Amino acid sequence: MGATAVAQSTPTEEQMMKEWRQMIHKRDYSQAHLNSKIALTDEVATPKSANTKALPEDRIWYPGEWEEVSAVVVTPTYSHWPDTNLGTGSYSADPLVTNLAEYYKFNRVTQRWESMHLYGRYTSVMDTSTSFGKVFFYLMDGIQKGNAEAWVRVETEADTAKVLRTLARMNLRHDNVRFLIGPGNSFWFRDCGPICFYYGDQDSVAMMDFEYYPGRALDDSLPSLIHQQMGLPNYINTIEWEGGNCLVDGAGFLLSSDRLYSSNADNTGQYIWNGRDANTLRYIRKTPLTHSQTYRALQSLIGQRETHILPAYRYDGGTGHIDLYADMCEENGFVFSVMPDNYSSWTDYRTGARNIDSLCSYTSIFDRPYYKTTIPFPKTNQGGNFPDQVTYNDSYTRTYSNHTFVNDVILQPCFSTVVNGQPSASWDRENIEKLKAAYPGYTIYPVDVRAFDGSGGAIHCVTKQIPADNPVRILHKSIVGCANAIQDSMPVSAIITNRSGIAHAECVYRIGGGEWQTINLRANGNRHYGSMPRPQSTFYRDTVLTDTTLTIVDSVAVIDSAYNSDSTAIVYDTTYTFTYDTTYTHDTMSVLVDTVVTVEYYIAATSNNGKTITKPITAHQGGYYSYYYTGQLDTVAQLDSSLYDFDTLPLPATDITFLFDANRTTEDTTTGHYPYVSIQTPDAESQFGQFYPNPATSEAKIKIDFANGADYTVTILDNLGRTVHTTQLQTAGSIVFNIRTERLAAGLYTVVFHNGKQSVTRRLIVK
């Protein structure tokens, strides 16, 4: 028996850590509390520390993910190790709250990690070398490529330099990085992160903070960390929901799956403790919600125009999240990852087909059905099919939909080694090329995410966008499809807004690949409108041709010269390509000529404060809208909707914005630490106030109560983690410590007070 155990106990370090990720870091953590030895509190408590101030009672809108962003939040992955000497064997630690983790030991007989039900301090080590760890650094690079800041959450100030060194060593961008410093549980920032929105006449940015999975209290506090260190207002509600299960169209439409109902039906909330004794750690008891209560809550907070809850996938790694198969490329349409017919017996194949039908029956803000585009489904490493849905669920859960927009860049999952910016596997590369057609003009940044196989997520799941300041918002009823039914000029209009007003808007178009032309759009409130001329092309159809010279390749013919049956010449200004049906009668050929003329266009708008945005955002990279005309002049074909209208009246503000249900939310007022998860030793933390004024121009002050005296080193770090000033602070009693900020460059600074045992961190913004 002993010999057998020894023979089985030879896993590599990589295998052991993959097993650890599958257990502790799997995306779906919703049921982990069921196996926990930590008990519930006896009383129902408020899940987060906040005051009762309501959300801004002004116009609100959640931007679509394809809209402009200023930053994307991401974290490197960490390994956590017990600080205590536990003897021989392999150990790991799962952080629960700050400075407190649950200890695990690897059982070499069962080949599994098992809880020791011991709790203590831990040390965090950043992963900069494994294929899994490197994914996050590629994402930081891609974020910067998309002209956004990479907001990188790290455990300590010292880790900031390590991130920058690793990016430089990998020859990746590292000049547009800012750091969030604080502890975390995992890396699924889409799910635990805030859902950002604009509000008020100034289109100010704020965050909506939902409850995250019980047992990941540190990640659940990520929005508070952003609030404290980046200055974004944070508004808290008590609904348990993950960001990967949220899809919005930028105009009051919300899509989620029914997985959210079970998350809110139990009574287990996040952790609470006294900050010192592990024996005081408890789950907060929350109030269970019915389906109806959960639905109404989401409707009042996000989806006031329309909220739809669809059946969840069952074999997607456990989350049931929308972002594994559905995406929106604009406010008018969806992009779906569709399983091929050889998976037709799979449960999720049928669920997906029904969900797609449902989504395409809903209507956009322009009262027309959403259109759909499909992208390919991934394969195994060998380019084959997955054997069954259970294997797919446990070992793969791959999808091309789980990507992230960063302005005109898409951080795109692929499933083979990336060489010179392209996936190396031919099937993978071909699928990425097909995907580009669904996202015209975007720069695709492929990242090999095979290390995520079996975890239930990929790139979209580990990143979170922060919207841009001063947005120029363009909502447009895109013109796509056949335009034969429009006999005159083509009307074009858009809803365009900015906090300063719109100085100029135009439609830029070209016909048949010709020269670009511009028409100015007239304003009627927030609606801007004009018209594009109809092409003046000559179409030939059902013409009998004799003595015709044709160059034929497959089913496409090119007319080199042609004559009517009466021998009069047909004059062509150019060579025409057409599909054809032919009937030979001696030297006569009956040919159907159907010339297609395509019109490409985009909209550009400039605000009164000087910001210019195009719609689509990728117009400068070839991402245009397009529609076409054919020679079938009597066709009944219409654009993409028989109900297409070109109303140029402005939309009421209530159609494109809404007011929050203030009864469900509170304002985050935490300072210097996470809600109910102590960042520092409570006694040390409580001695320090906050800097004022903040932001500061000439000087900033902070009140400190040293009681019986203390000796601290004060270190000021810039947003790249570089030390710009160090001083010693030796005093007793209550003091006011002053920093001459006029000597510092404008930016975000971290001020660390350290006495050899304890550290207290404060953030300071210098104008």
Point to revise | Where residue 198 falls short, out of the listed (1) under 21 Å from residue 461 (Cβ atoms); (2) under 17 Å from the mean Cα position of the chain (by Cα); (3) of a type in the set (Phe, Trp, Tyr) | key: (1)
Check your understanding: Which is more than 27 Å from residue 37 (Cβ to Cβ) and part of a strand (DSSP E or B), of 254, 298?
Key -> 254
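To keep it simple, each residue is scored yes or no on (1) crowded, with 21+ Cβ neighbours inside 10 Å; (2) at pLDDT below 95; (3) among the β-branched types (Val, Ile, Thr).
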| residue | (1), (2), (3) |
| --- | --- |
| 436 | no, no, no |
| 441 | no, no, no |
| 449 | yes, no, yes |
| 455 | yes, yes, no |
| 459 | yes, no, yes |
| 464 | yes, no, no |
| 491 | no, yes, no |
| 496 | yes, no, yes |
Practice item. Return the residue satisfying two criteria in turn: it lies in region 348-366 and is of a type in the set (Phe, Trp, Tyr) and touching a residue at least 12 places away in the same chain (Cβ under 8 Å), and of such residues it is nearest to residue 392 (Cα to Cα). Key: 362
**Study point:** Some residue of region 367-377 being at pLDDT 95 or above and under 19 Å from residue 250 (Cα atoms)
**Key:** no
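Quick check on this structure: which one of 349, 396 is within 30 Å of residue 446 (Cβ to Cβ) and in contact with an Asp or Glu (Cβ under 6 Å, 6 or more places away or on another chain)?
Within the list 349, 396, the selection yields 396.
Yes/no matrix, rows are residues, columns are (1) in contact with a Pro (Cβ under 8 Å, 6 or more places away or on another chain); (2) touching a residue at least 24 places away in the same chain (Cβ under 8 Å); (3) within 30 Å of residue 97 (Cβ to Cβ):
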{"site": "270", "(1), (2), (3)": "yes, yes, yes"}
{"site": "291", "(1), (2), (3)": "no, yes, no"}
{"site": "296", "(1), (2), (3)": "no, no, no"}
{"site": "323", "(1), (2), (3)": "no, yes, yes"}
{"site": "335", "(1), (2), (3)": "no, yes, no"}
{"site": "339", "(1), (2), (3)": "no, yes, no"}
{"site": "342", "(1), (2), (3)": "no, yes, no"}
{"site": "346", "(1), (2), (3)": "no, yes, no"}
Study note, to complete from the structure: Across region 306-318, the tally of residues that are buried (at least 22 other Cβ atoms within 10 Å of the Cβ) and either in contact with a Leu (Cβ under 8 Å, 6 or more places away or on another chain) or outside the structural domain of residue 256 (by TED's automatic domain parsing) (or both) stands at 3
Check your understanding: Out of (1) modelled with pLDDT of 75 or more; (2) over 28 Å from residue 194 (Cβ atoms), the odd one out for residue 9 is which?
Key -> (1)
Review point. Can you spot a residue in region 83-95 that is at positive phi, assigned by TED's automatic domain parsing to the domain that holds residue 22 and surrounded by fewer than 15 Cβ atoms within 10 Å (Cβ to Cβ)?
Key: yes
Point to revise | strands (runs of 3 or more DSSP E) enclosed by region 373-461 - at least 3 residues per element that are among the β-branched types (Val, Ile, Thr) | key: 443-448
Exercise for review: Would you tally the residues in region 377-407 being touching a helix residue (DSSP H, G or I) at 6+ places or on another chain (Cβ under 6 Å) and over 22 Å from residue 318 (Cα atoms)?
Suggested key: 2
Exercise for review: Sort out which residues of region 211-235 are in a strand (DSSP E or B) and touching a helix residue (DSSP H, G or I) at 6+ places or on another chain (Cβ under 8 Å), and write them in order of number.
Suggested key: 211, 234
**Study point:** Qualifying position, being of a type outside the set (A, V, I, L, M, F, W, C), buried (at least 16 other Cβ atoms within 10 Å of the Cβ) and at pLDDT below 80, among 53, 48
**Key:** 48
Check your understanding: Mind checking which residues of region 74-91 are out of contact with any helix residue (DSSP H, G or I) (no Cβ under 6 Å at 6 or more places or on another chain) and under 19 Å from residue 186 (Cβ atoms)?
Key -> 75, 78, 79, 80, 81, 82, 91
Exercise for review: Among the residues of region 653-712, write down those that are assigned to a helix (DSSP H, G or I) and either buried (at least 16 other Cβ atoms within 10 Å of the Cβ) or at pLDDT 75 or above (or both).
Suggested key: 653, 654, 655, 656, 664, 684, 685
Point to revise | Selected residue (only one of 492, 480, 449 is of a type in the set (A, V, I, L, M) and under 29 Å from residue 389 (Cβ atoms)) | key: 449
Check your understanding: What single numbered condition from (1) surrounded by 19 or more Cβ atoms within 10 Å (Cβ to Cβ); (2) at positive phi fails to hold for residue 366?
Key -> (2)
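Here is a yes/no grid of residues against (1) of a type in the set (Gly, Ala, Ser); (2) touching a Pro at 6+ places or on another chain (Cβ under 8 Å); (3) within 13 Å of residue 320 (Cβ to Cβ):
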{"position": "219", "(1), (2), (3)": "no, no, no"}
{"position": "235", "(1), (2), (3)": "no, no, no"}
{"position": "238", "(1), (2), (3)": "no, yes, no"}
{"position": "252", "(1), (2), (3)": "yes, no, no"}
{"position": "258", "(1), (2), (3)": "no, yes, yes"}
{"position": "262", "(1), (2), (3)": "yes, no, yes"}
{"position": "267", "(1), (2), (3)": "no, yes, no"}
{"position": "273", "(1), (2), (3)": "no, no, no"}
Revision key, fill the gap. Over region 273-294, the set of residues surrounded by 20 or more Cβ atoms within 10 Å (Cβ to Cβ) and at pLDDT 90 or above is 289, 294
Review point. Are any residues in region 462-474 in a strand (DSSP E or B) and either within 14 Å of the chain's Cα centre (by Cα) or more than 15 Å from residue 607 (Cα to Cα) (or both), and if so, which ones?
Key: 464, 465, 466, 467
**Study point:** Hey, residue 303 surrounded by 20 or more Cβ atoms within 10 Å (Cβ to Cβ), of a type outside the set (A, V, I, L, M, F, W, C), touching a Lys or Arg at 6+ places or on another chain (Cβ under 7 Å) and not in a helix (DSSP H, G or I) or not
**Key:** no
Practice item. Would you check which residues across region 345-365 are in contact with a helix residue (DSSP H, G or I) (Cβ under 9 Å, 6 or more places away or on another chain) and either assigned to a loop (DSSP other than H, G, I, E, B) or among the charged types (D, E, K, R) (or both) and list them? Key: 345, 346, 348, 365
Exercise for review: Answer with yes or no whether residue 364 is of a type in the set (S, T, N, Q) and either more than 20 Å from the chain's Cα centre (by Cα) or modelled with pLDDT under 90 (or both).
Suggested key: yes
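The values are calculated or read from the model by the stated rules, or taken from the named source; none is laboratory data. Small disclaimer: the values here were computed from a predicted structure and weren't measured. Ideal geometry is used to build each Cβ from the backbone, glycine not excepted, and the neighbour counts take in all protein chains shown.
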